[in-house]
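Below is one structure, written out as structure tokens; the observations come after it.
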Amino acid sequence: MPEIQEEKKTGARLRSMTGYADAVAEQDGMILAVSLRSVNHKFLDLHVYLPEPLQPLERKIRREIQERNPRGRLELKVVLERAGAVSLNVDEGVLERYIELFRRLGAQYGMSAATDVSTLCRLPGVVNLTGAAAGGRTLAAQLEAPLFRSLRETLDRWDEMRAAEARFLFEDMEKRVQHIVNSVTRLDRLREDLVPAAQKRLQERLQALLGSAGLDATRLAQEAALLADRADTSEEILRLQSHVARFAVLLDQEADAGRKVDFLLQEMHRELNTFLSKTAALGKCGLPLTEIALEVKAEVEKLREQAQNIQ
């Protein structure tokens, strides 16, 4: 089987599912701070936290993120602050109507109409901010352009961070895959010698058991053939080689390799379990095969852990 390093591979399209980025924009006396954090998840689990004036934009924000990311748990937070001088305007006409309403309801239902100024000022329409975000447009419409500029800048930085982490993952996984390639090649060579050795050992044991009664050549041939069949791991090795070759291609060429890589590793794990069950039939002769297969299985387990963080 050819080594996976015959040509330079970079894993440039891989992305980790773990990352963080932020960006800040300012317009018309308003400051927008956008931050995005992500961790691994089987599916896309997107949480968007917006200040109330920007909530009309949530659907467009979700669509923007979903187009660039298929899975992972993401938290997007947008903080809106006012910069510069801001004045407060009290609408006394609205305030008087509230007070008049409370008095009328108090008299009608026999309840106290007493309240305090701070409570009145929290009522809708009593206190308004002026000096920022002026104009006839709503805040959502006014800030949509700078918000999406900040969002895209955040997504670009987030993507760069995930690509950098994926490169470290790729380098480590590539080394482990090459180790598996070498180990499977050793298994293939060893099995050709160990099965005949196990058959010879079986002959010796049967001869010792039968003693002077002699050995039935037909029975011996049957037992030897049965042993060879039970210990035949050629199919498992062939499938392991195929899976490893496909694994290397996925790492280098697939942008969304995570699920496919995880599936391949599950298949490799299954083939190794079958391989180990067959080498058990060889007894002590199969110990070298068992040791190598267990090492490969450990590498597959480590790869499965790393694959959980690949998009």
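Quick notes
- Hits in the stretch 248-280 (condition: of a type in the set (Val, Ile, Thr) and buried (at least 17 other Cβ atoms within 10 Å of the Cβ)): Val261, Thr279
- Among the residues making up the stretch 103-120, those that are out of contact with any Phe, Trp or Tyr (no Cβ under 7 Å at 6 or more places or on another chain) and part of a loop (DSSP other than H, G, I, E, B) are Gly110, Met111, Ser112, Ala114, Asp116.
- Take the conditions (1) at pLDDT below 90; (2) in a strand (DSSP E or B); (3) charged (D, E, K, R); Arg97 misses just one of them, which is (2).
- Of the numbered criteria (1) of a type in the set (Gly, Ala, Ser); (2) touching a Lys or Arg at 6+ places or on another chain (Cβ under 6 Å); (3) at pLDDT 85 or above, the one Ala231 fails is (3).
- Filter result for Leu32 (at pLDDT 90 or above and either in a helix (DSSP H, G or I) or out of contact with any helix residue (DSSP H, G or I) (no Cβ under 6 Å at 6 or more places or on another chain) (or both)): no
- So Ala12, is it at pLDDT 95 or above, under 20 Å from Arg167 (Cβ atoms) and either in a strand (DSSP E or B) or not assigned by TED's automatic domain parsing to the domain that holds Leu147 (or both): no
- Among residues of the stretch 281-294, those that are surrounded by 14 or more Cβ atoms within 10 Å (Cβ to Cβ) and either closer than 15 Å to Ile180 by Cβ or hydrophobic (A, V, I, L, M, F, W, C) (or both), counted: 6
- Look at (1) closer than 25 Å to Glu144 by Cβ; (2) at pLDDT 90 or above; (3) exposed (fewer than 15 other Cβ atoms within 10 Å of the Cβ) and you find that Ala21 fails only one, number (3).
- Qualifying residue in the stretch 84-106 (condition: surrounded by 15 or more Cβ atoms within 10 Å (Cβ to Cβ), farther than 30 Å from Ala141 by Cβ and not hydrophobic (A, V, I, L, M, F, W, C)): no
- Residues that are at pLDDT below 85 and not in a helix (DSSP H, G or I) do occur in the stretch 68-76.
- Checking each residue in the stretch 150-174 for being farther than 25 Å from Arg73 by Cβ and modelled with pLDDT of 90 or more picks out no residue at all.
- Residues satisfying the stated conditions in the stretch 35-67, i.e. basic (Lys, Arg) and not in a helix (DSSP H, G or I): Arg37, Lys42
- Lys302 of a type in the set (Lys, Arg), in a helix (DSSP H, G or I) and at pLDDT 90 or above: yes
- Enumeration of residues in the stretch 285-305 that are under 22 Å from Val261 (Cα atoms), out of contact with any helix residue (DSSP H, G or I) (no Cβ under 9 Å at 6 or more places or on another chain) and among the acidic types (Asp, Glu): Glu305
- Flag if Ala281 is modelled with pLDDT under 75 and either among the aromatic types (Phe, Trp, Tyr) or part of a helix (DSSP H, G or I) (or both): yes
The values are calculated or read from the model by the stated rules, or taken from the named source; none is laboratory data. Remember, predicted model here, so these are calculated numbers, not experimental data. Using ideal geometry, Cβ is built from the backbone for each residue, glycine included, and neighbour counts are taken over all protein chains shown.
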